[in-house]
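Novice: Dropping the structure in here first, questions after.
The values are calculated or read from the model by the stated rules, or taken from the named source; none is laboratory data. Quick caveat, the model's predicted, so the values are computed rather than measured. Please note: Cβ atoms are built from the backbone with ideal geometry, for glycine as well, and neighbour counts cover all protein chains shown.
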Amino acid sequence: MSGRIPVAGPSITDREVAFVLEAVRHGWYDQANAFQERFEQAMAKHVGLPYAVSLPSCTSALHLALLALRVGPGDEVIVPDLTWIGSAAPITYVGATPVFCDVDPVTLCLTPQAVEACVTPRTRAVISVDLYGAMPDYAALRALLWPKGIALIEDAAEAIGSTRDGVPAGGWGDLSVFSFHGSKTVTTGEGGMLLLRDPSLHATVLTLREHGRVPGGRLFWNEQVGFKYRMNGISAALGLAQLGRLGELVALRRQLWTWYRARLEPHGLAVNPEPPGLFNSVWMVTTLLPDLPKETMIRWLIAEGIDSRPVFYPLSALPAFEAWPSAQQARQRNRVAAQVSAGGINLPTAPVLSEAQVDRVCARLLTGLSTLRRKAA
Ligand SMILES: Cc1ncc(COP(=O)(O)O)c(C=O)c1O
C-alpha cells in the first residue's frame, strides 16, 4: 500500500486465496455451479430468508426484484433521496417512476412518516436502504406498507452484519438485496444477491437470470427474453470465504468506529449512531461537518494524503434525475437529505487501517476544521 490512507477496500486472508484457488482448479464441469450454490445457501441461512439468487451486482438484483413484482410503467416506487444511484436506477429500467423520499437525520434511513407522505395509489413498492450500515425502524415500516399491499424491498447493499431488533440486515424485506462490490464488508470483486420469501417470485427470478430459460428445462429453449445475470464460481468462492469471516470483518469495522468516536465526539463531531435496537456494522464511518461544505474538507484531506468520500448527493439533485417532476417535488420537500449531504463525509474505513492511521486522519480533520473555518470567517 502507498503512504496514502485509503477510504475503502477489503480484508483478504489465506482463506480467501484458498477458496478462489479451489474454484479456479475445480469449479468446472459438474462442479460449475458448486460455489454459487454454497454461497447462496450460506446467505439464505445468514439472513433467514428461504431463497437466495447470486447475481453479478446489487443493481441487477434490484432490477430482477422489480421485474418479478411486475412493477412497470405507471407505477411509482419510493426510494430514499440520500443513497447511491444503484438503489434507484433499476426503477427506471422497468419504466416506473422513482419517488425520492426524505430521510431521518440520525439514521439517514427512511422514516414511516416520510414514506407515508410519498405514498399514492400508484405506489407499488418501497426500496428501503440500510445506509452505511444503519437500519430504519422496519417494524413500523412494515406496519405502514403491508396493509396497503405495498412491497418492501430492503436494499442491504451496505449493511451485511447489521441487525435491527435482532433481525439481520436483509431479513426485513419481502425481497432483499446485497452488494459485494470491492468496497463492501463482504466482497466478491463485483457481485450481488437477491433474497426472497415467495417461491413463485423465486422461480420467476431464476428464469429471468438465465435469458428466459427455465432452469433445468429444455436446453437453448427460451420462454421469454431475459437477462444474462449469473455470478461466476470464482467470485462466489471469494464471497463464501468472506462470509465465513463476517463476524471478524464487522469487528474490524466496529474497532475503527470506536477509535473514530473516541477522537471526534469530544469535538462535537458525531459519527454513525447506534440508536436502541440497532447493531451497526458501520460500512463507512460517516460524520457531518456542521458548517463546512464537504468538498472543502475532502480537498484538504487529499492534500494530507488521506482519501475520503462525500456523503451521497440527493438523487433528486443529480443531472440524471433533475428533470423528472418527482425530483423537482423532492427538491422542495427533502430538507434533511439536502442538509446532511451538504456537510457529510465518509472517513477512511478500510479494514486494514491501524489505530495510528485513524489518529492521523482525526488529527488532520480537526486541524482542517479549525483552519478552514477561520479562512471562511
Ligand atoms: C445502497 C446501495 N444500493 C445499491 C448499490 C449497487 O450495488 P452494485 O454496485 O453491486 O450494483 C450500492 C453500491 O454501492 C449501494 O451502496
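Novice: Could you tell me which numbered condition residue 53 fails, if it satisfies all but one of (1) part of a helix (DSSP H, G or I); (2) within 16 Å of the ligand (Cβ to nearest atom); (3) in contact with a strand residue (DSSP E or B) (Cβ under 9 Å, 6 or more places away or on another chain)?
Specialist: Condition not satisfied by residue 53: (1).
Novice: Are there strands (runs of 3 or more DSSP E) fully within region 93-168 with at least 1 residues that are within 16 Å of residue 333 (Cβ to Cβ)? List them. Walk me through how you get there before you give the answer.
Specialist: Values: elements: 97-101, 123-129, 151-155.
Passing ranges, in order: 97-101, 123-129.
Novice: Kindly evaluate residue 84 against the criterion of being touching a Phe, Trp or Tyr at 6+ places or on another chain (Cβ under 8 Å), surrounded by fewer than 21 Cβ atoms within 10 Å (Cβ to Cβ) and either assigned by TED's automatic domain parsing to the domain that holds residue 230 or of a type in the set (Gly, Ala, Ser) (or both). It would help to see each step written out before you state the result.
Specialist: Working: touching a Phe, Trp or Tyr at 6+ places or on another chain (Cβ under 8 Å): yes; surrounded by fewer than 21 Cβ atoms within 10 Å (Cβ to Cβ): yes; either assigned by TED's automatic domain parsing to the domain that holds residue 230 or of a type in the set (Gly, Ala, Ser) (or both): yes.
Criteria met by residue 84.
Novice: Please tell me if residue 122 is at negative phi, in contact (Cβ under 8 Å) with a residue 60 or more places away in the chain, assigned by TED's automatic domain parsing to the domain that holds residue 70 and more than 16 Å from the ligand (Cβ to nearest atom). Please lay out each step first, then the result.
Specialist: Working: at negative phi: yes; in contact (Cβ under 8 Å) with a residue 60 or more places away in the chain: no; assigned by TED's automatic domain parsing to the domain that holds residue 70: yes; more than 16 Å from the ligand (Cβ to nearest atom): yes.
So residue 122 does not fit the description; no.
Novice: Here's a follow-up. Do you know which residues across region 322-340 are within 15 Å of residue 79 (Cβ to Cβ) and small (Gly, Ala, Ser)?
Specialist: 326, 327, 330, 337
Novice: May I ask you to say which residue of 96, 61, 65, 134 is surrounded by 23 or more Cβ atoms within 10 Å (Cβ to Cβ), farther than 17 Å from residue 195 by Cβ and either assigned by TED's automatic domain parsing to the domain that holds residue 317 or touching a Leu at 6+ places or on another chain (Cβ under 8 Å) (or both)? Explain how you work it out, then say what you get.
Specialist: Values: 96 fails: surrounded by 23 or more Cβ atoms within 10 Å (Cβ to Cβ); 61 fails: farther than 17 Å from residue 195 by Cβ; 65 fails: farther than 17 Å from residue 195 by Cβ.
Going through 96, 61, 65, 134 in turn, just one is surrounded by 23 or more Cβ atoms within 10 Å (Cβ to Cβ), farther than 17 Å from residue 195 by Cβ and either assigned by TED's automatic domain parsing to the domain that holds residue 317 or touching a Leu at 6+ places or on another chain (Cβ under 8 Å) (or both): 134.
Novice: Which condition number does residue 60 fail, the rest of (1) away from the ligand (no atom under 16 Å from the Cβ); (2) touching a Gly at 6+ places or on another chain (Cβ under 8 Å); (3) not in a loop (DSSP other than H, G, I, E, B) being met?
Specialist: (1)
Novice: Separate question: Determine, yes or no, whether residue 209 is in contact (Cβ under 8 Å) with a residue 24 or more places away in the chain and farther than 10 Å from residue 68 by Cβ. Don't jump to the end; show me each part of the working.
Specialist: On the way: in contact (Cβ under 8 Å) with a residue 24 or more places away in the chain: yes; farther than 10 Å from residue 68 by Cβ: yes.
Here the answer is yes, as residue 209 does meet what is asked.
Novice: Oh, and also: For region 213-236, does any single residue satisfy the condition of being under 17 Å from residue 45 (Cβ atoms), within 19 Å of the chain's Cα centre (by Cα) and touching a residue at least 24 places away in the same chain (Cβ under 8 Å)? Before the answer, list the steps.
Specialist: Within region 213-236, the first condition is being under 17 Å from residue 45 (Cβ atoms), and the residues that meet it are 236.
After this cut, where a residue has to be within 19 Å of the chain's Cα centre (by Cα) as well, the list is 236.
Those still in the list that are touching a residue at least 24 places away in the same chain (Cβ under 8 Å) too: 236.
Checked region 213-236: at least one residue is under 17 Å from residue 45 (Cβ atoms), within 19 Å of the chain's Cα centre (by Cα) and touching a residue at least 24 places away in the same chain (Cβ under 8 Å).
Novice: Here is a further query. Taking the residues in region 158-196 that are charged (D, E, K, R) and more than 20 Å from residue 256 (Cβ to Cβ) as candidates, determine which candidate is nearest to the ligand (Cβ to nearest atom). Talk me through it step by step, then tell me what you get.
Specialist: Taking region 158-196 and keeping what is charged (D, E, K, R), we get 158, 164-165, 174, 184, 190.
Applying the additional criterion that residues be more than 20 Å from residue 256 (Cβ to Cβ) yields 164-165, 174, 190.
On the way: 164: 16, 165: 21, 174: 17, 190: 6 Å.
My answer is 190.
Novice: Among the helices (runs of 4 or more DSSP H) contained in region 319-377, which hold 2 or more residues that are among the aromatic types (Phe, Trp, Tyr), in contact (Cβ under 8 Å) with a residue 12 or more places away in the chain and not assigned by TED's automatic domain parsing to the domain that holds residue 183? So that I can check it myself, show each step before the final result.
Specialist: Details: elements: 325-333, 335-343, 355-376.
By residue number, no helices (runs of 4 or more DSSP H) qualify.
Novice: Here's a check for you: in region 1-50, which residue that is aliphatic (A, V, I, L, M) and either touching a Ser or Thr at 6+ places or on another chain (Cβ under 6 Å) or assigned to a loop (DSSP other than H, G, I, E, B) (or both) is surrounded by the fewest Cβ atoms within 10 Å (Cβ to Cβ)? Before the answer, list the steps.
Specialist: Quick first cut of region 1-50, residues aliphatic (A, V, I, L, M) only: 1, 5, 7-8, 12, 17-18, 20-21, 23-24, 32, 34, 42-44, 47, 49.
Now restrict to residues that are either touching a Ser or Thr at 6+ places or on another chain (Cβ under 6 Å) or assigned to a loop (DSSP other than H, G, I, E, B) (or both): 1, 7-8, 12, 32, 49.
Working: 1: 9, 7: 22, 8: 19, 12: 16, 32: 11, 49: 24.
It comes out as 1.
Novice: Looking at 88, 23, which one is more than 16 Å from the ligand (Cβ to nearest atom) and more than 15 Å from residue 205 (Cβ to Cβ)?
Specialist: Working: 88 fails: more than 16 Å from the ligand (Cβ to nearest atom).
Answer to the check: 23.
Novice: From 213, 230, which residue is assigned by TED's automatic domain parsing to the domain that holds residue 34, out of contact with any strand residue (DSSP E or B) (no Cβ under 9 Å at 6 or more places or on another chain), not in a helix (DSSP H, G or I) and not hydrophobic (A, V, I, L, M, F, W, C)? Reasoning before the result, please.
Specialist: Details: 230 fails: out of contact with any strand residue (DSSP E or B) (no Cβ under 9 Å at 6 or more places or on another chain).
Matching residue, one of 213, 230: 213.
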